[in-house]
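To start, the structure under review is shown below, and the notes come after it.
The values are calculated or read from the model by the stated rules, or taken from the named source; none is laboratory data. Source: prediction; values computed, not measured. Cβ: placed from backbone, ideal geometry, glycine included. Neighbour counts: every protein chain shown. For accessibility, only protein heavy atoms count, side chains too; no ligands or nucleic acids. Shrake-Rupley method; radii C 1.70, N 1.55, O 1.52, S 1.80 Å.
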Amino acid sequence: MIHFKEIGKIMGALLVLISLLMLPGMIFSIYFDEDPWPILSSAVITMIIGLILFFSFSKQDQNIRKREGYLIVALSWVFMAGFGMLPYVFSQQIGGFANTLFETMSGLTTTGASILTDIEAMPKGLLFWRSMTQWIGGLGIIVLTVAIFPLLGIGGIELFVAESPGPTSDKVHPRISETAKRLWYVYVGLTVLATLLYWAGGMTFFDAINHALTTMATGGFSTKNASMAYYDSAFIQYVAIVFMFLAGTNFTVIYFGLIGKFRRVLRSDEFKTYGLALLGISIILYFPISTIEPSSELAFRKSLFQVVSLVTTTGYVTDDYTKYSQGVTFICFMLLFMGGSAGSTAGGIKFVRHLTFIKNSWLEFKRLVHPRAIVPLIINGDRVTGRIITHIMNFLLIYLLTFVLGALALSLMGYDLPTSLGAVATSLGNVGPGIGAVGPVDNFAFFSPTAKIFLSFIMLLGRLELFTILILFTPYFWRAN
């Protein structure tokens, strides 16, 4: 039996938190002489409903089980999307349910795809709320990674053993709440530091804080129509590269680095693979880009920026990568399937899954030659169990199947194949830009309402690691014990 009372109480607390996070947007509305009522009324309504839910259910003694865990994760994003739409609805700046849902879901899932054709014409208060939705989504993923995903056995975080922020034998801190708090401090601290550096680089304070929020969330929403290309500043773009890289890194690894435990950092196979892959792919893309760009530094910066932006699923744009060659476009398309590190704010498949798949596939050749030998898979110095390997293989297969079926569905709606492939790949990976008509300088405004709702669901699937949502559609989940 599912204990809905405990779920209702948690949803109430979540809505209270969301209402409080709406208020800074109202402050910016007042400062820029805009109407604050759309955001204020949204915050009040969200607060009232949150308090009603919170106080309507008495605290339960039982621990949250797997079933409640799955529902909490799924309903958290549904509730956040439903109430996160209110500022857009009340301001009437975004017309239609599908458009409002798409923009809100893109924010909360840190995808960064947008239906807005003139971002700079939007009220500043709404733009700040738009950026805040991504920061909330990034923070939410960290909390889920620490407190929920390890209990459910999903997310690939089990592979971190010593580095894992979840309930394993050697974690950052023996109490999950303390672990979440420390990672939250890292998240907030890096957001503040990014704000100051963007501001020092020449952004206005408003633009700096907005870009800091969406950088650390690996979201990619910008206050400018041209995204990061608006800022023709090497300093700002290198700051973005550094913080995108950090945001795509397992936050536990960052924490260990900050407290001086560098052996723990170097012990992470995923972190080393992540860093080397970003550098290697950037060097590969540098050569075709350098044939067009006037300077070597600019060519390398554009290459590095776009690779880091796509791999970390941030989705900022400084250039149209589809203008160079089919080879560059193909590589950038493949980057949509990589993802950052497990335990980061990045979306996508995650490097640890790729690493597990490649290592296990390589070891399979050895097992074929020596069928009686015990050939364990070692990651981070520890043996990976067969159950985790099976889980990751299943995840990769379902991810690929979801991508194929999603692209098929869009193509049946009448969209060309490159656009269908690009839109589903970037939505499932929570990246933002894709290929075809949804390239780095395009947006999603031309899609039909049905397609926008469909892509919003794909974003949610990708953000919550597939299984969290798909399991709700199985009879096993609802069957009584």
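A few points about this structure:
- Odd one out for LEU470 among (1) outside any helix (DSSP H, G or I); (2) hydrophobic (A, V, I, L, M, F, W, C); (3) farther than 22 Å from ALA217 by Cα; (4) open to solvent by 50 Å² or more (accessible area, probe 1.4 Å): (1)
- Pairs where the first residue, in region 278-290, is touching a residue at least 24 places away in the same chain (Cβ under 8 Å) and the second is surrounded by fewer than 16 Cβ atoms within 10 Å (Cβ to Cβ) and among the small types (Gly, Ala, Ser), C-beta under 7 Å, 6+ apart: PRO288/SER325; PRO288/GLY327
- Failed condition for MET334, given (1) outside any loop (DSSP other than H, G, I, E, B); (2) touching a residue at least 40 places away in the same chain (Cβ under 8 Å): (2)
- Some residue of region 373-386 being part of a strand (DSSP E or B) and free of Cβ contacts under 8 Å to residues at least 24 places away in the same chain: yes
- Pairs meeting the criteria (first residue in region 65-86 and over 16 Å from GLY138 (Cα atoms) and open to solvent by less than 10 Å² (accessible area, probe 1.4 Å), second residue part of a helix (DSSP H, G or I) and among the acidic types (Asp, Glu), beta carbons under 7 Å, at least 6 apart or on different chains) are GLU68/GLU6.
Table: residues versus (1) under 24 Å from the mean Cα position of the chain (by Cα); (2) within 19 Å of SER420 (Cα to Cα).
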| residue | (1), (2) |
| --- | --- |
| TYR316 | yes, no |
| MET338 | yes, yes |
| SER341 | yes, no |
| ALA346 | yes, no |
| ILE358 | yes, no |
| HIS370 | no, no |
| GLY386 | no, no |
| ILE392 | yes, no |
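- Residue in region 268-275 that is farther than 22 Å from PHE337 by Cα, touching a residue at least 40 places away in the same chain (Cβ under 8 Å), surrounded by fewer than 22 Cβ atoms within 10 Å (Cβ to Cβ) and over 21 Å from the mean Cα position of the chain (by Cα) present: no
- Close contacts from region 347-366, counting a first residue that is part of a loop (DSSP other than H, G, I, E, B) and a second that is open to solvent by 20 Å² or more (accessible area, probe 1.4 Å), with Cβ to Cβ under 9 Å and a gap of 6+ residues or different chains, come to GLY348/PHE337; GLY348/MET338; ILE349/PHE337; ILE349/MET338; ILE349/LEU396; LYS350/MET338.
- Taken together, the residues in region 413-450 that are outside any loop (DSSP other than H, G, I, E, B), among the hydrophobic types (A, V, I, L, M, F, W, C) and under 19 Å from the mean Cα position of the chain (by Cα) amount to 5.
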